[in-house]
Amino acid sequence: MPKIAFLSSSTPEAQATKGTLESLYPSVSPTQADVLIALGGDGFMLETMHDTLETQKPIYGIHCGTLGFLMNKFEPTSLLERLEKAKPSTLYPLEMTVETTQGKTTKALAFNEVSLLRETRQAAKIQITIDTIVRLQELVCDGVLVATPAGSTAYNLSAHGPIIPIGAGMLALTPISAFRPRRWKGALIPEESQITFIVNEPKKRPVSAVADFTEVRDVTTVSISQCKNKHVTLLFDHDHNLDERILQEQFLE
C-alpha cells in the first residue's frame with residue numbers, strides 16, 4: 001500500500017472530507033508520502049502542483065470545491081483501488097520571463113496559462129514574435145494569452161481559444177477581446193516555440209503579465225517557452241482520465 005498524505009484547502013467541505021479519509025486510511029506527512037491526495041477544487045490543485053513541484057510526487061485530486069476539472073470524484077471507500085488503477089498524466093509548465101519598465105526581470109512558471117492584460121481603460125498594443133519572427137506587428141486588445149493543453153479548457157476556453165488534447169504537442173495563442181486585427185482569432189503553435197510579446201507604448205498603455213498565481217505589473221517584454229526540466233504527475237481514475245475529459249469537453253453544448 002502506498003504511503004498517503006492528505007492535503008486540503010481551507011473550505012469546510014474539504015476539511016470535512018480530509019477528516020473522513022483520515023479516519024479510513026493511515027496517512028503520513030507529505031515529506032514521507034508516496035502519493036499526495038489533494039482535496040479541494042482546481043484552484044487548490046494548481047496551488048499543490050506549484051508547492052510540491054520539486055518533490056516529483058504524484059498527485060491524486062478529489063473534488064471538494066467549486067470547479068473540479070483536474071479532480072476525481074469523492075468516493076471514500078474505494079480510494080486504494082482507484083489509486084492502483086489510476087492513469088498518470090505528465091504536465092510540463094510554461095516558463096515566463098518578464099522585463100518591466102523599471103528594468104526588473106522576473107521568472108515564473110504556469111501550468112495553465114500566461115496572460116497579458118491591460119491595466120487601464122486604454123487598450124493594450126502588443127507585438128507578437130515566435131522564434132525570432134514577428135508574426136503580428138501590433139495586436140490592439142484587452143490582452144493575449146498562451147495556454148497549455150491542460151489549461152486550454154480554463155481561461156483560454158472562456159476567451160474562445162481552442163481545446164488542445166494532451167500530447168498534441170501544441171500551445172494555444174489566444175487574443176482577449178481583440179480590436180485590431182478584428183478577424184484574428186489566435187493560433188496553434190508547436191510547444192517547443194519561443195514566444196515573445198513586446199508591449200508598445202508601455203507607459204501610456206500599461207500591461208500586466210500573469211503566470212498562474214504570479215502577477216507582474218508594468219511589463220515591457222514577456223518571453224514564454226515550455227520548461228521541459230520540470231513536471232508534475234497527476235493521477236486520474238482510469239475510466240475518466242484527463243485525455244478523456246479534454247476530449248469530452250469538445251462535445252459539450
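No lab work stands behind these numbers, since they all come straight from the coordinates. Every value quoted in this text rests on a predicted model; they were computed, and no experiment measured them. All Cβ positions, even for glycine, are placed from backbone atoms using ideal geometry, and neighbour counts span all protein chains on display.
Listed values, structure above:
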item	result
Lysines with Cα under 29 Å of residue 73, excluding same-chain neighbours fewer than 8 positions away	3, 18, 57, 85, 87, 230
The stretch 210-253: chymotrypsin sites (Phe, Trp or Tyr not before Pro) in DSSP coil with no more than 12 other Cβ atoms inside 10 Å	251
Protection proxy ranking, peptides 104-116, 45-57, average beta carbon neighbours within 10 Å, highest first	104-116, 45-57
Centroid-to-centroid separation of the stretch 70-87 and the stretch 187-253 [C-alpha atoms, Å]	28 Å
Nearest-ten-degree value, helix 42-51 long axis tilted from longest Cα axis of the chain	90 degrees
Principal-axis tilt of helix 12-24 within the chain, Cα atoms, nearest 10 degrees	40 degrees
By average C-beta atoms within 10 angstrom, highest first, the peptides 226-234, 176-184, 91-99	91-99, 226-234, 176-184
Once the Cα gyration tensor of the chain is diagonalised, semi-axes √(5λ) in Å	36, 18, 16
Expected 222 nm ellipticity per residue - DSSP helices of 4 or more, -39500 (n - 2.57), all of the chain, to 500	-4500 deg cm²/dmol
Relative contact order of the stretch 94-226, pairs being alpha-carbon contacts under 8 Å that are 6 or more residues apart, as %	33 percent
All Cα pairs of the stretch 94-226, percent lying beyond 23 Å	22 percent
Mean Cβ neighbour count within 10 Å, used as a protection proxy, ranking 238-249, 191-202 highest first	191-202, 238-249
